[in-house]
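**Q** Here it is, the structure in full.
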Amino acid sequence: MQEGTTADVLERLRAGDPRAFEDLVTAYQHRVFAVAYRMLGSRAEAEEAAQEVFLRAHRGLADFRGEAKLSTWLYAITSRFCLSRLASGQARFERARRDQAVLADLPSPDGGAPEVLERREAEATLHRAIAELAEDRRIMVVLRDLEGLSYDEIAESLGLTLGTVRSRLHRARMELKERLQKVLA
Amino acid sequence: MTCDDVRARFSDVADGRLAARERIAWQAHLERCTECQREWKSFERTLALLHGLPRHRAPEGFVERVLAAARPRPWPRRLAHHVFLPLRVKLPMEAAALVLVAVGAVYLAHRTPVMQEAMRDSGPAPGDWQPAPAVPAPLPAREPDAQRAAAPPRSDAARELKKSVSEKTAASSPDPVERALTREATPEAAPAPGITAPSRSDQPEERLAATPPEGRGGARIAEPPGVASAPRVQDAGRIARREAVSRLSTVAPAVTGRLAVENRDAAERALAELITRLGATELRRTPAENGMLVELEVPRAQYAEFARGLAAIGGWTPHEELVEASADVRVRVIVIRQPGR
């Protein structure tokens, strides 16, 4: 959804147009779901979280001043909700769930060219490595490298300084590199 | 710039956040350090893989589910949600509250004499009539010492006094009906042969006596027909009776006696008139097949007249003389029918 369209959706949402909320969910569903899935590690949890994010956005629309992009605002709600959920007691079972999700992402032994197999193996290792990152580092990789947010947007979404974002992101990437290097060496 | 400095800036270089002068120094180190070159290539490959990962997509029907969840629910469901949900929190709390209220009610019922008396007096409704056992339990042989030893320890002096008076009366009476009535009026006493529970009677007249119009035993006698229609007098009678009933479980009768009559109905009427005339209050009535036990309170000044009135109704034999009493005298009259008297 383009920002011009976003402004239009916002206007319609504030005017009480019921179709506007549907447009918003349709436009952002995959982005919100993808972040939730990467953070929580299970499709069911991710769907539940994404639904809650949109409901919170619906309720909190009056508080959205429009200074940030609508997408950044939604990413902020998603990231904070997932981190909060992981920090609570509900996160105790997350590791097992993530492991199951990672196993599901492993390449199937269906043959193919050696380079394709090697790439699939590398992706599977990467999935596993992302899942095993600490939450505060994982969210950096997810927002920056998978969702393409800028450093400023990440800092705004999570309420962090630019320096914190920079250092956490770099450590997360180096950790992924180290894990990947062992497999690809 | 050292190797560590160079590697610490991998992300800055990749994201184009390194200043131009720093970038030149970084590049110069990389060109002459093969170890850093290998690290940088590995870093670049990791980022390339990351950026190439497919994005997970929301499942089919996700938008519809969100829209359905966002629709305002009807008010009964919202109310139910606020009252009952989350179930894991509110259900245990509501169950605990229910248990507390139940325990509190039982505690109050057992600790409050008025409540105890009210429960006893109310008895079963006419529809709740239950047959008594065909063979009533026999009266156990009197073994005062053994019975006392087997009885639980009692700390309430008034109840002890009441029990001893009852035992004394029962022991001194030759009449088995009188003994049984006396025992029945005492909570610890066992049922006697031929004596049924107050709540149950095979005789119509006994059912009438056991279930007065107000559902309170004895009120029929305390309120004669001419007075019963006056609400204020009824209220005063109820209040006096309630106050007297509250003392019932803790005060032993000062006088217990046996009233032998030929016609029980006539004796009941005469006793009712006597009670009304002297301003006495009937506390309890326990009907039985061959007799009846009536407990009442008589004003101290009227006791002599009351005793004369009983002697006029039938053969009044008090088991003990009135020695001293406060304002009212508690009297237990055991009415026994003696044909051909």
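The values are calculated or read from the model by the stated rules, or taken from the named source; none is laboratory data. None of these values were measured; they are calculated from a predicted model. When we count neighbours, we look across all protein chains shown, and the Cβ atoms used for this are built from the backbone with ideal geometry, even at glycine.
**Q** Would you check which residues across segment B:30-58 are surrounded by 13 or more Cβ atoms within 10 Å (Cβ to Cβ) and of a type in the set (Asp, Glu) and list them?
**A** Result: B:39, B:44.
**Q** Could you please give the count of residues in segment B:1-18 that are surrounded by fewer than 16 Cβ atoms within 10 Å (Cβ to Cβ) and more than 14 Å from every other protein chain (Cβ to nearest Cβ)?
**A** 1
Residues checked against (1) among the aliphatic types (A, V, I, L, M); (2) under 19 Å from residue A:81 (Cβ atoms); (3) touching an Asp or Glu at 6+ places or on another chain (Cβ under 8 Å):
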| position | (1), (2), (3) |
| --- | --- |
| A:121 | no, no, no |
| A:127 | no, no, yes |
| A:135 | no, yes, no |
| A:143 | yes, yes, yes |
| A:146 | yes, yes, no |
| A:152 | no, no, no |
| A:163 | no, no, no |
| A:167 | no, no, no |
| A:172 | yes, no, no |
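**Q** List every residue pair whose Cβ atoms lie under 7 Å apart, where the two residues are 6 or more positions apart in sequence or sit on different chains, the first residue falls within segment B:259-280 and is touching a residue at least 24 places away in the same chain (Cβ under 8 Å), and the second residue, located anywhere, is among the aromatic types (Phe, Trp, Tyr).
**A** Note: pairs meeting the criteria are B:259/B:316; B:274/B:306; B:278/B:306; B:280/B:306.
**Q** Next question, about the same structure. Please give the number of the condition residue B:65 fails out of (1) more than 7 Å from every other protein chain (Cβ to nearest Cβ); (2) of a type in the set (D, E, K, R); (3) under 60 Å from the mean Cα position of the chain (by Cα).
**A** Of everything listed in (1) more than 7 Å from every other protein chain (Cβ to nearest Cβ); (2) of a type in the set (D, E, K, R); (3) under 60 Å from the mean Cα position of the chain (by Cα), residue B:65 misses just condition (1).
**Q** Among the candidates B:284, B:241, B:247, single out the residue that is surrounded by fewer than 18 Cβ atoms within 10 Å (Cβ to Cβ), within 30 Å of residue B:112 (Cα to Cα), within 37 Å of the chain's Cα centre (by Cα) and modelled with pLDDT under 85.
**A** Criteria check complete, one pass: B:247.
Yes/no per residue for (1) within 12 Å of residue A:76 (Cα to Cα); (2) surrounded by fewer than 23 Cβ atoms within 10 Å (Cβ to Cβ); (3) at the interface with another protein chain (Cβ under 9 Å from one of its Cβ atoms); (4) in contact (Cβ under 8 Å) with a residue 12 or more places away in the chain:
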{"site": "A:137", "(1), (2), (3), (4)": "no, yes, no, yes"}
{"site": "A:148", "(1), (2), (3), (4)": "no, yes, yes, no"}
{"site": "A:153", "(1), (2), (3), (4)": "yes, yes, no, yes"}
{"site": "A:156", "(1), (2), (3), (4)": "yes, yes, no, yes"}
{"site": "A:166", "(1), (2), (3), (4)": "no, yes, yes, yes"}
{"site": "A:174", "(1), (2), (3), (4)": "no, yes, yes, no"}
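**Q** If you don't mind, another one. Looking only at segment B:9-40, filter to residues that are without any contact (Cβ under 8 Å) to a residue 24 or more places away in the chain and part of a loop (DSSP other than H, G, I, E, B); which one of those is farthest from the chain's Cα centre (by Cα)?
**A** Here the residue is B:19.
**Q** Another question, if that's okay. Quick one: which helices (runs of 4 or more DSSP H) lie wholly within segment B:48-146 and hold at least 1 residues that are closer than 24 Å to residue B:284 by Cβ and modelled with pLDDT under 65?
**A** Once the helices (runs of 4 or more DSSP H) in segment B:48-146 are filtered for at least 1 residues that are closer than 24 Å to residue B:284 by Cβ and modelled with pLDDT under 65, what remains is B:113-122.
**Q** Residue under question is residue B:291, and the condition is that it be of a type outside the set (D, E, K, R) and at pLDDT below 80; does it hold?
**A** Taking the combined requirement at face value, the residue satisfies it.
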